[in-house]
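Take a look at the structure below.
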Amino acid sequence: MHNDQPQQLRRSSIMQVILIRLALALALGLAVVSALIWAGFLDIPNRLNPFTPLRVADEVNGLTRWKLSRLERDRGQCLTVLDGSRISHRAVPDRVSEDGCGLSNAVEVSRSAVSLSGSFTATCSLTVAWALFEHHILLPAARDHLGQAIVRVAHFGTYACRNINHRAGGRRSEHATANAIDIAGFVLADGQQITVKDDWAGGDERQRAFLRALRDGACRFFDVVLSPEYNEAHHDHFHFDMGSYRTCR
């Protein structure tokens, strides 16, 4: 019995050494592959290349959100991504504000792949997230659930210098920096209107499934997604933002 213990310790030590060497070899291999990709010696698709900018039309994968997060700190790259999308936009100057309601890295959007109920100003990263949502979630969901195209999106806006839930105290809403958008409804190609207020619970089965597909799909791109299931304040709209928290409700 006592003779077995040193042998077991030796085996354990050998296994630890083997695992450490394997981990080091893997890390070295990843570093070499990354260097080859960075230098351009390995030609891989843009969607699988962690060093290339995001493209809205690329198939969504595990790198999409990471590439999207980089745009919050890189104005030039973010605008380049938008230039390659179907978003009609123009950059707006930063606006410093001591009341927590300034603008940074923002754009004015006049149209996307569909018409909008009004132009809006939003952070560039929020706008890219909207472009991703529209391309990969909204338009396909309309075809899958409703059998026709979306031609117009109705929204309640993006920028509002206020606190969360319009409270007198507390922290600022993401709307205070144009980092959120509230979506109220949609117009289909045949003129039919679908609204969060009337159709989340009251619509037919296809309309309800469509709206839930939008809520669930939005969570792939936006940090916070709130629907009527969250609270009464959201009974008539979806809230999408790119804030510092993550929730999908």
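Note down the accessible area of TRP66, probe 1.4 Å, to the nearest 10 Å².
120 Å²
Springs between alpha-carbon pairs under 10 angstrom, Gaussian network model over the chain: which of PRO53, PRO45, PRO140 fluctuates most?
The residue that fluctuates most here is PRO45.
At 1.4 Å probe size, with no ligands or nucleic acids counted, give the accessible surface of GLU174 in Å², nearest ten.
Accessible area, nearest 10 Å²: 40 Å².
Based on Cβ point charges of +1 for Lys and Arg and -1 for Asp and Glu, what charge dipole magnitude is obtained for the stretch 168-207 about its Cα centre, in debye rounded to the nearest 20?
That gives the stretch 168-207 a dipole magnitude of about 360 debye.
So what does ARG152 come to for accessible area, using a 1.4 Å probe and Å² rounded to 10?
About 90 Å², rounded to the nearest 10.
Scan around CYS248 for amide H atoms under 5 Å from its own, H built in the peptide plane at 1.01 Å from N, and keep only partners 5 or more places away or cross-chain.
Here VAL225 satisfy the definition.
For mean projected area of the Cα convex hull in nm², which listed value, [x] 12.4; [y] 21.0; [z] 17.5, comes from the coordinates shown?
Given [x] 12.4; [y] 21.0; [z] 17.5, the calculated one carries the label [y].
In 5 Å bins starting at 0, how do the alpha-carbon pair distances of the stretch 44-98 split up by percent?
So the P(r) values, bin by bin, are 4, 18, 27, 24, 13, 8, 5, 2, 0, 0.
I want to verify a result. In a Gaussian network model of the chain, Cα cutoff 10 Å, which of these has the top mean-square fluctuation: GLU232, GLU98, GLU205?
GLU98
For the chain, set up a GNM with springs between Cα atoms under 10 Å and report which of ILE44, ILE87, ILE137 has the largest fluctuation.
Comparing ILE44, ILE87, ILE137 in the GNM, the peak value goes to ILE44.
For the chain, list the DSSP H helices whose alpha carbon atoms reach 30 Å or more along the long axis and whose average Kyte-Doolittle value is -0.5 or above?
Long hydrophobic helices here: 4-39.
Hey, can you grab everything whose amide H is under 5 Å from the amide H of ALA189? Only 5+ residues off in sequence or another chain; H modelled, so Pro and N-termini drop out.
ALA149, VAL151
The values are calculated or read from the model by the stated rules, or taken from the named source; none is laboratory data. Everything quoted here is computed from the prediction, not taken from an experiment. In this analysis, Cβ positions are derived from the backbone assuming ideal geometry, glycine residues included, and neighbour counts consider all displayed protein chains. Ligands, DNA and RNA are stripped out before the accessible areas are found, and what is left, the full protein with its side chains, is counted by its heavy atoms. Shrake-Rupley method; radii C 1.70, N 1.55, O 1.52, S 1.80 Å.
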